[in-house]
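Visitor: Below is one structure. I have some questions about it.
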């Protein structure tokens, strides 16, 4: 099957600041495209400045296009759970507000069921000391972020925020998911 004949699926996930996890999901085998943006709110075509107020209802999200022949939705969720704190309500680190909520915006019933099952298992097994507060919301629409937000870590890796916050998260991810990484050229 040629690259143009792939049947891609989409996952839309909110893990707090999209700069922190975009670089993680970009490295996964089977992930074709990762776009930072906004979803889960009521305002059409919101700007970053508007979303940052917390008044649009949107969360900072990643729209992840993936090839299910090479990576499953379950695998994406495994990375999702391990690359942010799903037990803090409307907060990731120093970022506070509903725009930083942990959220899975499901595209179909299967994604909803898989997510519900994983939350139940993770809570039952005590993976975290506190219960998961990740929101599970139906996907309605995704609005890509302004261009400067996309591919942020790869283009701005020497930025102090990237060095202190993003790089350690990426390095931890690379160690934990070596078998799921794309081959570097």
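The values are calculated or read from the model by the stated rules, or taken from the named source; none is laboratory data. Given the structure is predicted, the values throughout are model-derived calculations rather than measurements. When we count neighbours, we look across all protein chains shown, and the Cβ atoms used for this are built from the backbone with ideal geometry, even at glycine.
Visitor: Pick from segment 10-35 the residues that are out of contact with any strand residue (DSSP E or B) (no Cβ under 6 Å at 6 or more places or on another chain) and farther than 19 Å from residue 183 by Cα: which of them is surrounded by the fewest Cβ atoms within 10 Å (Cβ to Cβ)?
Guide: 19
Visitor: Any residue at all in segment 95-111 that's part of a loop (DSSP other than H, G, I, E, B), closer than 17 Å to residue 20 by Cβ and out of contact with any strand residue (DSSP E or B) (no Cβ under 7 Å at 6 or more places or on another chain)?
Guide: Looking for residues that are part of a loop (DSSP other than H, G, I, E, B), closer than 17 Å to residue 20 by Cβ and out of contact with any strand residue (DSSP E or B) (no Cβ under 7 Å at 6 or more places or on another chain), one finds at least one in segment 95-111, hence yes.
Visitor: I've got another one for you. Which of the following residues is more than 10 Å from the chain's Cα centre (by Cα) and on the phi < 0 side of the Ramachandran plot: 21, 7? Walk me through it before giving the result.
Guide: On the way: 21 fails: more than 10 Å from the chain's Cα centre (by Cα).
Answer to the check: 7.
Visitor: Across segment 146-174, which residue is nearest to residue 13 (Cα to Cα) among those that are in a loop (DSSP other than H, G, I, E, B) and more than 14 Å from the chain's Cα centre (by Cα)?
Guide: 146
Visitor: Identify, from the list 44, 22, 74, 65, the residue that is farther than 16 Å from residue 101 by Cα, assigned to a helix (DSSP H, G or I) and modelled with pLDDT of 95 or more.
Guide: After applying the criteria, what remains is 74.
Visitor: Something else: Kindly provide the set of residues from segment 136-160 that are farther than 24 Å from residue 33 by Cβ and touching a strand residue (DSSP E or B) at 6+ places or on another chain (Cβ under 9 Å), ordered by number. Steps first, answer last, please.
Guide: Step one: of segment 136-160, the residues farther than 24 Å from residue 33 by Cβ are 158, 160.
Passing the criteria: none in range.
Visitor: Now for a separate question. Consider segment 107-121. How many of its residues are surrounded by 18 or more Cβ atoms within 10 Å (Cβ to Cβ) and either in contact (Cβ under 8 Å) with a residue 60 or more places away in the chain or farther than 15 Å from residue 13 by Cβ (or both)?
Guide: 1
Visitor: While we're looking at this one, here's another question. Which pairs have Cβ atoms under 9 Å, sit 6 or more apart or on different chains, and link a residue in segment 53-69 that is free of Cβ contacts under 8 Å to residues at least 40 places away in the same chain to one that is exposed (fewer than 15 other Cβ atoms within 10 Å of the Cβ)?
Guide: Note: pairs meeting the criteria are 55/43.
Visitor: If you don't mind, another one. Can you list residue pairs whose Cβ atoms sit under 8 Å apart, with the first residue in segment 160-185 being free of Cβ contacts under 8 Å to residues at least 12 places away in the same chain and the second being exposed (fewer than 14 other Cβ atoms within 10 Å of the Cβ) and assigned to a helix (DSSP H, G or I)? Count only pairs 6 or more apart in sequence or on different chains.
Guide: none
Visitor: Look at residue 41 and say whether it is in contact with a helix residue (DSSP H, G or I) (Cβ under 9 Å, 6 or more places away or on another chain) and touching a residue at least 24 places away in the same chain (Cβ under 8 Å).
Guide: When the stated conditions are applied, residue 41 does not pass them.
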